[in-house]
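Everything on this sheet refers to the single structure shown next.
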Amino acid sequence: MDVALHKDAVAWIDSVSKAQPPGAKILFYKSDVSKWAELEKVFEVFAGTIGGVPYIVCPGAGVYEPSHNSFWKDNDTDDHYKVLDINLLAPIKMSRIAIRRMLAADAPGIICCVSSIGAQKASIVTPLYQASKHGISSFVRCMADLHKLAGIRVVGVAPGIIRTPLYSDHPEAGKFVDQDKDFMLPPEEVARGMVAVCLDPKYPPGTILEVADVDNWREVMLLNDPGPQGRAILASKKQDAVADVMAWIEKDKQSKTKS
C-alpha cells in the first residue's frame, strides 16, 4: 500500500506476475496512510482477496523531511505536520488496527516497524524526521510485552542510508549525500534484516535491529548504546544543509524586522 508505485516497483511486480511457473502473489492497494480510514480499508481488502488477517504487517511508509514539507519550510496548512502523520502516527495506528484484527481472529502475528539510525542521533536539519523515528523506536520497545500477553511480536529495523529513489529522484534530499562517495545500503540488505528480526528467535520482541552495513547488523540498546555502527551512517554533505537552515533563520529575522 502506498499513494503510488515507483516505476522500478511496477517493473518488478510485472516480472513476478509473469514468472513461470507462477509463484508469489502480489497485490498493490493505493492508499494515503495519513488517512486512518484507509488503513482500516487495507485490512478489508486483504481479507477479501487473500483471506483472514496477515501474519506479518509492516507499516513502513515514510518520507524524508527535505523531500517533503519540513520544519523549517513551515508550509503545513492543516494544523498538523504531514511528516509526523506519515512517519509516526500512521505506523502506530496501523499497528493498533493489526493488533485488534489479530486478536479478534485469535491469530498470532508479527508487526515490523521501520525506524532509522536517525533515532539514535539528532540534527537541526531534519528535526521532524528524527523525532518521528525516535518515536517509532520507542513505540516498538513499548510493545515488547505484547508477545507474552497475546502472542503478537512487535519488532523494528533501523536502516542507515539506503540507495533508493528517495535520493536519486528528489534533489532536495539528494544534495545531502554524495552518491559516488558515501556508502549507501542496497535495499535488499534492509529487506534481509527485516526478515531476520521478524523470524529469527534470537531477536526478542521489542528489538530494534540496526542495519547500517552489509552482513553486519546489531541490536540497538535502550540504555548505554554506543550509537550507529557501520559504513552507511554518514552523509558527507549533510552539514551543507545547515546553510539552508541559516537561510530560513535569516528569513524569519527579516520577517520580524518588517513587522
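All of the numbers you see were taken from the coordinates with simple rules; none came from a lab. Quick caveat: nothing in here was measured; it's all calculated off a predicted structure. With ideal geometry, Cβ positions are generated from the backbone for all residues, glycine too; neighbour counts draw on all protein chains shown.
Within the shell of other residues whose beta carbon sits under 10 angstrom from the beta carbon of D182, the net charge comes to +3, with Lys and Arg scored +1 and Asp and Glu -1.
Rounded to the nearest 10 degrees, the angle from helix 242-258 to the longest Cα principal axis of the chain is 60 degrees.
Name the residue from M102, P22, H170 whose Cα lies farthest towards the positive end of the charge dipole of the chain, charges +1 on Cβ of Lys and Arg and -1 on Cβ of Asp and Glu. Most positive-ward Cα: M102. Starting from the Cα gyration tensor of segment 1-74, take the square roots of the eigenvalues, sort them a ≥ b ≥ c, and report rounded, prolate or oblate (rounded when a/c is under 1.5, otherwise prolate if a/b is larger than b/c, else oblate). Because a/c hits 1.5 or more and a/b fails to exceed b/c, segment 1-74 counts as oblate.
Farthest toward the positive end of the dipole of the chain, out of F46, N69, A232, is the Cα of F46, where the dipole comes from beta carbon charges about the Cα centre.
Stretching the chain fully between V214 and D79 yields a gain of 44.5 nm (0.36 nm per residue, less the alpha carbon separation).
In this Cβ point-charge picture (+1 for Lys and Arg, -1 for Asp and Glu), segment 28-256 has a dipole of about 380 debye about its Cα centre. Taking a Cβ cut-off of under 14 Å around V16, the surrounding Lys, Arg, Asp and Glu residues balance to a net charge of 0, with basic ones at +1 and acidic ones at -1.
Dipole size of segment 97-219 about its Cα centre, with +1 on Lys/Arg Cβ and -1 on Asp/Glu Cβ: approximately 500 debye, rounded to the nearest 20. Between the listed residues V242, Y55, I86, the Cα displaced farthest toward the positive end of the dipole of the chain, a dipole computed from Cβ unit charges relative to the Cα centre, is found at Y55. Note on the chain: antiparallel DSSP beta bridges, both residues inside, total approximately 20 percent of the bridges counted. Counting Lys and Arg as +1 and Asp and Glu as -1 over every other residue whose Cβ lies under 12 Å from the Cβ of P91, the net charge comes to +2. Legend: calculated FRET efficiency, L199 to Q254, from the Cβ-Cβ distance at R0 = 51 Å, rounded to 0.05, equals 0.40. Relative to the dominant Cα principal axis of the chain, helix 36-49 is inclined by about 30°. In plain terms, the chain from A9 to A122 could stretch by 37.5 nm, reckoned as 0.36 nm per residue minus the Cα-Cα distance. Percent relative contact order of the chain, based on C-alpha pairs within less than 8 angstrom and at least six residues apart? Reported as a whole number, the value is 16 percent.
The lysines within cross-link reach of K181, meaning a Cα-to-Cα straight distance under 25 Å and a gap of 8 or more places when in the same chain, are K121, K237, K238. Annotation: amide H-H contacts under 5 Å for I111 (H modelled 1.01 Å from N, sequence separation of 5 or more, or interchain): V57, R153, V154, V155.
Estimated purely from DSSP H runs of n ≥ 4, each contributing -39500 (n - 2.57), the mean residue ellipticity at 222 nm for the chain is -11500 deg cm²/dmol once divided by its residues. Backbone N atoms of segment 20-48 closer than 11 Å to the 7 Å Cα→Cβ label point of A107 belong to residues 43-44, 46-48.
May I ask you to list the lysines whose Cα is less than 28 Å away from that of K148, ignoring any residue fewer than eight positions away on the same chain? Excluding near neighbours in sequence, the set is K93, K133, K202.
Neighbour counts of C-beta atoms inside 10 Å place W248, W72 in the sequence W248, W72, starting with the fewest. Rounded to the nearest 10 degrees, the angle from helix 187-199 to the longest Cα principal axis of the chain is 50 degrees.
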